[in-house]
Amino acid sequence: MNYQEKWNRRHGEAQDLGSPAQVLLRNLHLLPKSGRALDLACGRGANALLLAEQGLETHAWDFSSVALQCLETFATQRGLEVQVENRDVLASPPEPQSFDVILVSFFLERKLAPYLVKALRPGGRIFYQTFVRDVYLERGPSTPEWRLEKNELLELFRDLDIHYYREDGQAVSVPTEISDLALLVASRREGACH
């Protein structure tokens, strides 16, 4: 079974939409009032639906056709418009200055980071969360390469202005739902020519 078949099966067996990303839920106030948003590697689309509910022109990309079919069904049920695209983002990353918001949740491909920075319009924001290496809460990838080093997310998006960053890691005595995550919201400077 290849990687795409694995994810199609996983999405096909899922019972629900899933939950929106904590980085988005905790920072809705940092979304623009209007604009073009991308939920990259969207899965079944909980984030895309939340972005659409906020009034953004929402695009959702994933390489799982099953996930995208689920998202289209949920969007129709809620009366929301989400433009879905079956897309391999590594082979075809977003075009430069094409989005006001990019959301990435539980997807880590380090070489994609510069393309995401360039895909933001001036003033555009990225909302990003994924797993870190130093905390395991019985979820997420077991392979360390698919988890972030300490403060690595800050380094990947160092050319952006940081608005929100959280990485609790081992600092907390009682783990929470975000203890094994790094969360970042950052924006491209107005007039930036990256």
Accessible area per residue, Å², the chain with all protein chains present, probe 1.4 Å: 50
What are the principal axis extents of the Cα atoms in the stretch 84-194, in Å, biggest first? 42, 30, 22
Calculate what fraction, in whole %, of the accessible area of the chain sits on carbon and sulfur atoms when a 1.4 Å probe is rolled over the protein chains. 48
Taking every alpha carbon pair in the stretch 55-129 and sorting the distances into 5 angstrom bins from 0 up to the bin holding the longest one, the percent per bin comes out as 3, 14, 24, 26, 19, 11, 3, 0
Tell me, what is the Rg over Rh of the chain, with Rh the Kirkwood radius over Cα pairs? 0.94
For the chain, give the share of DSSP beta bridges that are antiparallel, in percent and rounded to the nearest 5; count only bridges with both residues there. 35
Using only Cα atoms, locate the centre of the stretch 107-176 and the centre of the stretch 28-72, then give the distance between them in Å, rounded to an integer. 19
Order Leu31, Leu120 by their accessible area, 1.4 angstrom probe, all chains in place, largest first. Leu31, Leu120
For the stretch 105-170, the Cα-Cα pair-distance distribution in 5 Å bins from 0, as whole percents, is 3, 15, 30, 24, 15, 9, 3, 1
Give me the extension gain from Glu95 to Glu72: residue separation times 0.36 nm, minus the current Cα-Cα distance, reported in nm with one decimal. 5.9 nm
Report the extension gain between Val172 and Gln83 in nm, rounded to one decimal, defined as 0.36 nm multiplied by the number of residues separating them, less their alpha carbon distance. 28.1 nm
What FRET efficiency, computed as 1/(1 + (r/R0)^6) with R0 = 35 Å and r the Cβ-Cβ distance, is obtained for Glu155 and Ser19, rounded to the nearest 0.05? 0.80
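The values are calculated or read from the model by the stated rules, or taken from the named source; none is laboratory data. Model, not experiment: these values are computed from the prediction. Positions of Cβ are generated from backbone atoms using ideal geometry, with glycine treated the same way; all protein chains shown enter the neighbour counts. Keep in mind that these areas ignore ligands, DNA and RNA; they rest on the heavy atoms of the full protein, side chains included. Shrake-Rupley method; radii C 1.70, N 1.55, O 1.52, S 1.80 Å.
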